[in-house]
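Have a look at the structure below before the remarks.
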Amino acid sequence: MRAKTISRRMSLALLGLGLLLWLACTADEAPPRHVVLITVDTLRADHLGCYGYGRDTSPVLDALAAESTLFERAFAQWPKTGPSFASLFIGQYPHTTGLTHKAAQRVPESYLTLPELFQHAGFTTLGVTSNGVLAKHLGWQSGFDEYLQTWDLAPEQSDDPKEYRRWINGRRVNELALPMIERRAQGDRLFVWLHYSDPHAPYLLPEDFANPFIDDAFYVGEAPVSLENPRATALGQRRDLKHYVAAYDANVRLADEEIGKAIAALKQHGIWDDALVVMTADHGESLGEHDYYFGHGRLPHNPGSHVPLLISQPAQRQQSLGHRVSEPVELVDLYPTLRQLIVPDLEVPGLEGRSLVPFLSQQPASQQPASATQGPSTPSADSWPGLAFSSAGGGAPLTHYRSVQNERFKLIYHPPMKTRKGERPERWQLFDLTVDGGEEVDLLAAETSTAETSTAETLTAEQEKQLRVLRRQLLDWMAGRRWIVPPKGQIEAHNEEMEKTLRALGYIQ
């Protein structure tokens, strides 16, 4: 059944009641005084040291991970900035909100967004963004007392990717963020969102930032790259994959350094020590996997959807406590998580994610006090479903994939579609992630393609069981919707500035 839209009026009324109830009760732990949300555009989890990467791309985030709950398998709901942040800020899946496929979409006013929740809970809300598809005129500033855009520093808007990079890198984020933090440091309760975009293509670096990974031990292989849009992705005349991966990694390192400077400022002004800190990414990036180079959004595989997720509480940082969670989780879970931590007695209608609070302790959920593990619609860690759902699609002809994965297997649904060669029926793919993390060996390759067909004879009994279970779970999640296209009224004609932004980011040519 389609989840209902969150009514802003209803939610605000409930929010006021929830605040009164909270003030009237004595809680075991007071909500955090500050909340810091750090996001990095186009950041793959598996290119960070704390997720096992060999290059030293992320010393700052690795140190934070050692004092955090690290979710090893967190997944974006759509590997594109607009739909992904919509799920994070609204708490619903893309196929519920209709915010699918397109990078730049307007946030509907009918929802109580996460920044609005913080604002109405008494927080001063501050945001700095470096991705033009999160622009004010599309509604992303809603709920923020101060919302700054790095491209506003430019003398004029440019559609040239190289010029655009000068105004969206991490240094520009901090150019706006550090003075803003200083101005607002005396606020009683702060919500701070900083969004860095350095790993987004083209993987250009500032002239004074030398790539530390050129000719290192991982700089091997001469595999050629295929550039669909060279204007937005090419690094000069280079066409060797090793050079592009090193450039991507260097931009991860640059973002990591700038995050370190922001953390230092938050510490200097007394915000960091009593802040709940969340660090994640809107999506990952394909670096040649499945012949998809330096892009995201189109394919349903994990290079585009697997993102880092760190949640750090003040007590963890004070005691240098960190632990890891292996269960699959989703970015849509962050809204209910923060709702429970900030306004624990408030139920926000329509949220489709699950609170991650039961995982935010090294103590087993069965031994935690009820107030630490339970809240409205909040499961215990022991009852976690262990599933992550995601969508992807785009291109011409337009596609819309859906997937579900547990700790071992991943199932992908391809809807029926019309191609130049005629009608292509729906089909399914099944991957065993424990032995095929790259999703290269489809266990259903010998199947015909319908949901009712028998499994291939080559499947083991366990694989057949997992296929049946995952197929039923994915079909239930899809609720009979084989195909989703955003409503026409939800995608408005872009103004000249947004057209330039989309060309600079490589989304249109």
Study note, to complete from the structure: So, first residue free of Cβ contacts under 8 Å to residues at least 24 places away in the same chain in the stretch 415-437, second residue crowded, with 17+ Cβ neighbours inside 10 Å and outside any loop (DSSP other than H, G, I, E, B), Cβ within less than 7 Å, six or more apart or across chains; the pairs are Arg427/His414; Gln429/Ile412; Phe431/Phe409; Phe431/Lys410
Review point. Got at least one residue in the stretch 226-238 being touching an Asp or Glu at 6+ places or on another chain (Cβ under 7 Å) and surrounded by 14 or more Cβ atoms within 10 Å (Cβ to Cβ)?
Key: no
Exercise for review: Return only the number of the condition from (1) within 15 Å of the chain's Cα centre (by Cα); (2) farther than 22 Å from Cys50 by Cβ; (3) not small (Gly, Ala, Ser) that Leu331 does not satisfy.
Suggested key: (2)
**Study point:** Test set (1) part of a loop (DSSP other than H, G, I, E, B); (2) at pLDDT 80 or above; (3) closer than 18 Å to Phe71 by Cβ - Thr399 fails condition number
**Key:** (3)
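In the stretch 172-189, which residues are of a type in the set (A, V, I, L, M, F, W, C) and in a loop (DSSP other than H, G, I, E, B)?
Taking the stretch 172-189 and keeping what is of a type in the set (A, V, I, L, M, F, W, C), we get 173, 176-178, 180-181, 185.
If the condition is that a residue be of a type in the set (A, V, I, L, M, F, W, C) and in a loop (DSSP other than H, G, I, E, B), then Ala185 is the only one that fits.
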Revision key, fill the gap. For the stretch 373-388, the count of residues that are surrounded by fewer than 22 Cβ atoms within 10 Å (Cβ to Cβ) and modelled with pLDDT of 85 or more equals 3
Exercise for review: Scan Leu351, Leu346, Leu310 and give me the residue that is in contact (Cβ under 8 Å) with a residue 60 or more places away in the chain, closer than 30 Å to His414 by Cα, surrounded by fewer than 24 Cβ atoms within 10 Å (Cβ to Cβ) and among the hydrophobic types (A, V, I, L, M, F, W, C).
Suggested key: Leu351
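Just name the residue that is surrounded by the fewest Cβ atoms within 10 Å (Cβ to Cβ) out of those in the stretch 190-218 that are in a loop (DSSP other than H, G, I, E, B) and under 20 Å from the mean Cα position of the chain (by Cα). Outline the logic, then answer.
Looking only at the stretch 190-218, we keep the residues that are in a loop (DSSP other than H, G, I, E, B), and these are 197-218.
Imposing the further condition that a residue be under 20 Å from the mean Cα position of the chain (by Cα) reduces the set to 197-203.
On the way: Ser197: 28, Asp198: 31, Pro199: 26, His200: 29, Ala201: 25, Pro202: 22, Tyr203: 25.
Restricting to residues being in a loop (DSSP other than H, G, I, E, B) and under 20 Å from the mean Cα position of the chain (by Cα), the top hit is Pro202.
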Point to revise | Every pair of residues 6+ apart whose Cβ atoms lie under 9 Å, when the first sits in the stretch 477-502 and is modelled with pLDDT under 80 while the second is of a type in the set (S, T, N, Q) and outside any loop (DSSP other than H, G, I, E, B) | key: Ile484/Ser391; Gln490/Thr97; His494/Thr501
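Could you list all residues from the stretch 412-436 that are closer than 22 Å to Pro385 by Cβ and either more than 20 Å from the chain's Cα centre (by Cα) or surrounded by fewer than 22 Cβ atoms within 10 Å (Cβ to Cβ) (or both)? Break it down stepwise before answering.
Of the stretch 412-436, the ones closer than 22 Å to Pro385 by Cβ are 412-413, 428-434.
Answer for the stretch 412-436, where residues must be closer than 22 Å to Pro385 by Cβ and either more than 20 Å from the chain's Cα centre (by Cα) or surrounded by fewer than 22 Cβ atoms within 10 Å (Cβ to Cβ) (or both): Tyr413, Trp428, Gln429, Leu430, Phe431, Asp432, Leu433, Thr434.
When the stretch 148-162 is examined, which residues are found to be assigned to a loop (DSSP other than H, G, I, E, B) and within 21 Å of Lys80 (Cα to Cα)?
Our first condition is that a residue be assigned to a loop (DSSP other than H, G, I, E, B); within the stretch 148-162, this holds for 154-160.
Answer for the stretch 148-162, where residues must be assigned to a loop (DSSP other than H, G, I, E, B) and within 21 Å of Lys80 (Cα to Cα): Asp159, Asp160.
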Practice item. Determine if the stretch 77-90 includes at least one residue that is buried (at least 24 other Cβ atoms within 10 Å of the Cβ), within 30 Å of Ala154 (Cα to Cα), within 15 Å of the chain's Cα centre (by Cα) and among the β-branched types (Val, Ile, Thr). Key: yes
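Run down Ala223, Ala255 and say which single residue is of a type in the set (A, V, I, L, M), surrounded by fewer than 17 Cβ atoms within 10 Å (Cβ to Cβ) and in contact (Cβ under 8 Å) with a residue 60 or more places away in the chain. Talk me through it step by step, then tell me what you get.
Values: Ala255 fails: surrounded by fewer than 17 Cβ atoms within 10 Å (Cβ to Cβ).
Only one candidate passes the filter, namely Ala223.
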Check your understanding: Do the conditions hold for Glu439, that is, is it modelled with pLDDT of 85 or more, buried (at least 17 other Cβ atoms within 10 Å of the Cβ), part of a loop (DSSP other than H, G, I, E, B) and outside the structural domain of Tyr93 (by TED's automatic domain parsing)?
Key -> yes
Revision key, fill the gap. Checking Leu117, Leu99 in turn, the sole residue that is in a helix (DSSP H, G or I) and either within 25 Å of Pro336 (Cα to Cα) or small (Gly, Ala, Ser) (or both) turns out to be Leu117
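Of the residues that sit in the stretch 314-324 and are in a helix (DSSP H, G or I) and polar (S, T, N, Q), which one is nearest to the chain's Cα centre (by Cα)?
Gln316
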Check your understanding: Here are some residues: Ala185, Ala223, Ala177. Which one is over 20 Å from Phe118 (Cβ atoms) and either in the same structural domain as Ala265 (by TED's automatic domain parsing) or at pLDDT 95 or above (or both)?
Key -> Ala223
**Study point:** Hits in the stretch 120-147 (condition: in a strand (DSSP E or B) and surrounded by fewer than 21 Cβ atoms within 10 Å (Cβ to Cβ))
**Key:** Thr124, Glu146, Tyr147
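Just for the stretch 148-189: of the residues that are of a type in the set (Ser, Thr, Tyr) and buried (at least 21 other Cβ atoms within 10 Å of the Cβ), which one is farthest from Leu266 (Cα to Cα)? Steps first, please.
Within the stretch 148-189, the subset of a type in the set (Ser, Thr, Tyr) is 150, 158, 164.
If we keep only those that are buried (at least 21 other Cβ atoms within 10 Å of the Cβ) too, we end up with 150, 164.
Details: Thr150: 19, Tyr164: 28 Å.
Ranking the candidates gives Tyr164 first.
The values are calculated or read from the model by the stated rules, or taken from the named source; none is laboratory data. None of the values given here were measured: they were computed from a predicted structure. Note: ideal-geometry Cβ built from the backbone for every residue, glycine included; neighbour counts use all protein chains shown.
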